[in-house]
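What follows is a short report on a single structure.
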Amino acid sequence: MSTAPAQYTGYAALTEEKGKKLELEKWSYTPKQWTEDDVDIKVDCCGMCGSCIHTLTNGWPQPTSYPCIAGHEVVGTIVRAGSRTSHKVGTRVGVGAQGGSCLECDYCKQGLQQHCEKGLIMTYQGTWEDGSVAQGGYADFMRCRGALAVPIPDGLESETTAPLLCAGVTVYAPLKRFNAGPGKRVGVIGIGGLGHLALQIAKAMGAEVYALSHSASKMDDAEKLGCPRENFIVAKDQDEVRKKYNKHFDILILTSSSNDIPLEGLYLPLLRNMGTFVICGLPEEKLPSMYGQMLVYKSINLAGSLIGGSSEIAELFDLALKHDIKAWVETRPMSEVTQTAHDMHAGKSRYRYVLKN
Ligand SMILES: NC(=O)c1ccc[n+]([C@@H]2O[C@H](COP(=O)([O-])OP(=O)(O)OC[C@H]3O[C@@H](n4cnc5c(N)ncnc54)[C@H](OP(=O)(O)O)[C@@H]3O)[C@@H](O)[C@H]2O)c1
Ligand SMILES: [Zn+2]
Ligand SMILES: [Zn+2]
């Protein structure tokens, strides 16, 4: 078992200009100061999330701090385990978008660290207690809190499990919270990394599953992912879709990163009374404005959902084992991260790129 070196090496956007061009270069950094709550992980593979692209290109309102090594769907092996963690060297673990939290508040104790009262430390771009900026999994090694490294059961393969750590748990958590299950109609808007897992997870939960996509090109795939052909909706002609599916859905889950979110013109009319619209996708523009009546007259819940904590990831692993939930991945060498980021940005991913060391 190799131990972690003094410096870790990954692929970073070094400046904002390079980030905008998705030009990622080899860069070494000194990890945060070690504490006995931490683990060091030798990275085996890491999925590329839509959020990585928004962050690298500085597309979101909160500015990116450069250099930035992205990657928060990390699978690897523990090479050093802090004495206050429950880990052993040699354990295969996964780390999602949360790399650190206080470990003491009520949320942390429940394994819902994404809501840590003292503030979540994101896997990359978070700020550690020593002031250093966290760096992600497009790298050889990573250091994070042991509590956020979730052991991966033997029956799950690393590459197809990595995307469960962010994409998967991000859709699992709200589907669970809003009781997706038998007798419920769930519509997944945007069939990408998050969306293709949402179809599988909603199906596993027993819901009636629909896909809303901006073209017909993913219909065959969606069928294999659990959405019957007749439930595949091309959301182009809004009037037609609105007529056919008026008040049809119990839950609509937005996983698209398109800036165009026709809440008033399309999505909210499709919800039943007391239905729920959950926002997971985080486009770079603001939501459209609308009258309160759009929500009030049907008593609609407008919700958001942020990733998922260690307890939800562990639950998702169990569900994945039971229902054979796997991300559809294209695995590429880590050294091809720049080309991969370009392909992801161009919308070519079917449905997750996973970079392998
Ligand atoms: N809430 C959270 O905690 C959380 C966690 C992870 C990611 N996210 C966010 O979720 C979003 C999706 O992430 P992802 O990894 O699933 O991305 P992705 O694989 O690129 O999928 C995005 C999907 O959005 C749809 N889309 C429609 N119009 C688009 C456009 N103009 N540009 C880009 N996509 C368009 C596409 O589906 P169709 O072809 O079917 O229309 C596409 O497959 C991102 O905004 C990401 O930041 C949020
Ligand atoms: Zn993510
Ligand atoms: Zn906490």
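The values are calculated or read from the model by the stated rules, or taken from the named source; none is laboratory data. Remember, it's a predicted structure, so these values are computed and weren't measured experimentally. Please note: Cβ atoms are built from the backbone with ideal geometry, for glycine as well, and neighbour counts cover all protein chains shown. In case anyone asks, the SASA skips ligands and DNA or RNA and just uses the protein heavy atoms, side chains included. Shrake-Rupley method; radii C 1.70, N 1.55, O 1.52, S 1.80 Å.
What list of ³J(HN,Hα) couplings, whole Hz, do you get for the range 272-278 from phi and the Karplus terms 6.51, -1.76, 1.60, once you set θ to phi - 60° and write x for glycine and proline?
Rounded to whole hertz, the list is 6, 4, 6, x, 10, 10, 10.
So how far apart, in nm, are the two label points at ASN301 and VAL234 if each is 7 Å from Cα heading toward Cβ?
Placing both labels 7 Å beyond Cα along the Cβ direction yields 3.4 nm.
Enumerate the lysines that LYS203 could reach by cross-link, defined here as Cα to Cα under 20 Å, with residues fewer than 8 away along the same chain left out.
Filter leaves LYS176, LYS184, LYS218, LYS224, LYS322, LYS326.
Would you work out what percent of the accessible area of the chain, with all protein chains in place, is carbon or sulfur (probe 1.4 Å)? Kindly include the intermediate steps, with their values, before the conclusion.
On the way: 7410 of 15100 Å².
Answer for the chain: carbon and sulfur cover 49 percent of the accessible area.
Could you please state, rounded to a whole Å, how far the C-alpha centre of the range 91-118 is from the C-alpha centre of the range 209-277?
Here the two parts' Cα centres lie 33 Å apart.
What does the accessible area per residue of the range 167-304 come to in Å², with a 1.4 Å probe and no ligands, DNA or RNA counted? Write out the running numbers ahead of the final one.
Working: 6240 Å² over 138 residues.
Averaged over the residues of the range 167-304, the accessible area is 45 Å².
In nm, to one decimal, how far is the ASP324 label point from the GLU25 one, both placed 7 Å along Cα→Cβ?
Placing both labels 7 Å beyond Cα along the Cβ direction yields 4.7 nm.
Could you give each residue of the range 110-122 its phi-based ³J(HN,Hα) in whole Hz, using Karplus coefficients 6.51, -1.76, 1.60 with θ = phi - 60°, and x for Gly or Pro?
Residue by residue, the range 110-122 yields 8, x, 10, 4, 4, 10, 2, 5, 8, x, 6, 9, 5 Hz.
Give me the Å³ per residue figure for the convex hull around the C-alpha atoms of the chain. Before the final figure, lay out each step's value.
Numbers: hull volume 45.9 nm³, N = 357.
Per residue, the Cα convex hull of the chain comes to 128 Å³.
Apply the a/c threshold of 1.5 to the C-alpha gyration tensor of the range 92-173 and tell me whether it is rounded, prolate or oblate.
On the way: a/c = 1.92, a/b = 1.29, b/c = 1.49.
It comes out oblate by the Cα gyration axes.
Which residue fluctuates most in the GNM of the chain (Cα springs below 10 Å): LYS88, LYS20, LYS286?
Looking only at LYS88, LYS20, LYS286, the biggest GNM fluctuation is shown by LYS286.
For the range 1-145, what is the largest minus smallest coordinate of the Cα atoms on each principal axis, given in angstrom and ordered from greatest to least?
41, 36, 26
Could you give the distance between the Cα centres of the range 123-181 and the range 297-342, to the whole Å?
Result: 9 Å between the Cα centres.
Keeping every protein chain in place, order HIS345, HIS248 by accessible area at 1.4 Å, biggest value first, i.e. largest first. Please report the intermediate quantities before stating the final value.
Numbers: HIS345 120, HIS248 30 Å².
Putting HIS345, HIS248 in descending order of accessible area: HIS345, HIS248.
Looking at the chain, what % of its DSSP beta bridges pair antiparallel, to the nearest 5? It would help to have the intermediate numbers written out before the result.
Working: 31 of 57 bridges.
Just about 55 percent of them are antiparallel.
Can you give the extra length, in nm with one decimal, that the chain gains between ASP220 and SER258 once fully stretched, where that is 0.36 nm per residue apart less the Cα-Cα distance?
Details: separation 38, 0.36 × 38 = 13.68 nm, distance 2.19 nm.
Computed gain between ASP220 and SER258 is 11.5 nm.
Would you mind getting the accessible area per residue of the range 67-128, heavy atoms of the protein chains only, 1.4 Å probe, in Å²? Before the final figure, lay out each step's value.
Working: 2500 Å² over 62 residues.
For the range 67-128, the per-residue accessible area is 40 Å².
Give, rounded to the nearest 20 debye, the magnitude of the charge dipole that the chain has about its Cα centre when Lys and Arg contribute +1 at Cβ and Asp and Glu contribute -1 at Cβ.
Working: 37 positive and 39 negative charges, 127 e Å.
The calculated dipole for the chain is roughly 600 debye.
Taking amide H positions as placed 1.01 Å from N in the peptide plane, with prolines and chain starts having none, which residues 5 or more places from ILE121, or on another chain, fall under 5 Å of its amide H?
Excluding prolines and chain starts, which carry no amide H, the hits are GLY99, GLY100, SER101.
Just to check I understand the Karplus step: with θ = phi - 60° and J = 6.51 cos²θ - 1.76 cosθ + 1.60, what whole-Hz values come out for the range 311-322, glycine and proline as x?
After applying 6.51 cos²θ - 1.76 cosθ + 1.60, I find 6, 6, 5, 5, 4, 5, 4, 4, 4, 5, 5, 6 Hz.
What is the gain in length, in nm to one decimal, between GLN293 and ASN357 on full extension, counting 0.36 nm per residue of separation less the C-alpha to C-alpha distance? Spell out each step's value before the answer.
Working: separation 64, 0.36 × 64 = 23.04 nm, distance 5.19 nm.
Contour length minus Cα-Cα distance gives 17.9 nm.
Please find the FRET efficiency linking SER132 to THR3, where r is the Cβ-Cβ separation and R0 is fixed at 22 Å, and quote it to the nearest 0.05. Please list the in-between numbers first.
Working: r = 20 Å, r/R0 = 0.92.
Working from the Cβ atoms, E equals 0.60.
On a straight-distance basis, which lysines could pair with LYS88 in a cross-link, Cα separation under 24 angstrom, same-chain partners fewer than 8 positions away excluded?
LYS32, LYS42, LYS109, LYS356
Compute the orientation-averaged projected area for the range 1-68 from the convex hull of its Cα atoms and round it to one decimal in nm².
5.8
On a 0 to 90° scale, report how tilted helix 167-177 is relative to the longest principal axis of the chain, with both axes built from alpha carbons and the result rounded to the nearest 10.
Approximately 50 degrees, to the nearest 10.
Given the options HIS345, ALA13, MET219, identify the residue whose Cα lies farthest towards the positive end of the charge dipole of the chain (+1 on Cβ of Lys, Arg; -1 on Cβ of Asp, Glu).
Of the listed residues, the answer is MET219.
Not counting ligands, DNA or RNA, and with a 1.4 Å probe, what is HIS115's accessible surface area in Å² rounded to the nearest 10?
We get 90 Å² for HIS115.
Using only the heavy atoms of the protein chains and a 1.4 Å probe, how would THR123, THR91 rank by accessible area, largest first?
Greatest to least solvent exposure: THR91, THR123.
Can you list residues whose amide H is under 5 Å from THR331's amide H, if they're 5+ apart or on another chain and H is modeled 1.01 Å from N?
Distant-sequence amide H within range of THR331: VAL354.
Sorted by accessible area (1.4 Å probe), largest first, how do ARG143, ARG80 line up?
On the way: ARG143 35, ARG80 100 Å².
So, going from the largest accessible area down, we get ARG80, ARG143.
Taking the Cα atoms of the range 167-304 alone, what are Rg (to one decimal) and Dmax (as a whole number) in Å?
Expressed in Å, the Cα Rg and Dmax of the range 167-304 come to 13.5, 39.
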